[in-house]
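The values are calculated or read from the model by the stated rules, or taken from the named source; none is laboratory data. Computed from a predicted model, the values in this text were never measured in an experiment. Using ideal geometry, Cβ is built from the backbone for each residue, glycine included, and neighbour counts are taken over all protein chains shown. In case anyone asks, the SASA skips ligands and DNA or RNA and just uses the protein heavy atoms, side chains included. Shrake-Rupley method; radii C 1.70, N 1.55, O 1.52, S 1.80 Å.
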Amino acid sequence: NGSGTCSNCAAGTYLNRTDGSVCLDCPANTYSLTGSDEITDCICNIGYAGSDGKACTACAEGTFKQVNGSGTCSNCAAGTYLNRTDGSVCLDCPANTYSLTGSDEITDC
């Protein structure tokens with residue numbers, strides 16, 4: 001009868017139709033703010049890369065991504081490493097050791 005009130009979709013969901021009543025989940029490894037109304041409002045999480053509105057993939061070992069949103073992962077700088085996927089910060093090599101760019105194990109130091 002049209003007398004109901006509308007509610008915003010929760011964070012992590014979106015609704016892109018005015019006649020819809022069910023919010024849709026964002027694709028894998030993405031996030032959206034409360035009240036999102038387009039799938040492109042679903043952006044990649046920190047440590048994940050891809051395009052807005054699409055499922056995002058984890059950054060590989062030796063790479064990182066520090067911000068939410070679309071984009072690519074970056075290699076860890078020389079003198080650092082990252083031995084896990086979905087990383088946001090590379091780890092420093094131990095004192096008096098060094099590693100090449102994109103190192104993915106402490107033994108690379």
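Structure data summary
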| item | result |
| --- | --- |
| Heavy-atom accessible surface of the chain: percent carbon and sulfur, 1.4 Å | 49 percent |
| Per-q log10 I(q)/I(0), the chain, q = 0.13, 0.16, 0.19 Å⁻¹ (Debye; single scatterer per alpha-carbon; no solvent) | -0.56, -0.70, -0.84 |
| Dipole magnitude (debye, nearest 20) for the range 36-109, charges at Cβ of Lys, Arg, Asp, Glu | 140 debye |
| Amide H contacts under 5 Å for residue 42, placed H, 5+ residues apart | 53 |
| Backbone HN-Hα couplings from phi across the range 101-109 [Karplus 6.51/-1.76/1.60, Hz, Gly and Pro as x] | 4, x, 5, 10, 8, 5, 5, 6, 7 |
| Average accessible surface area per residue within the chain, 1.4 Å rolling probe, Å² | 61 Å² |
| Residues listed by number, the range 28-46, amide nitrogen under 15 Å from residue 11 label point at 7 Å toward C-beta | 30-36, 42-46 |
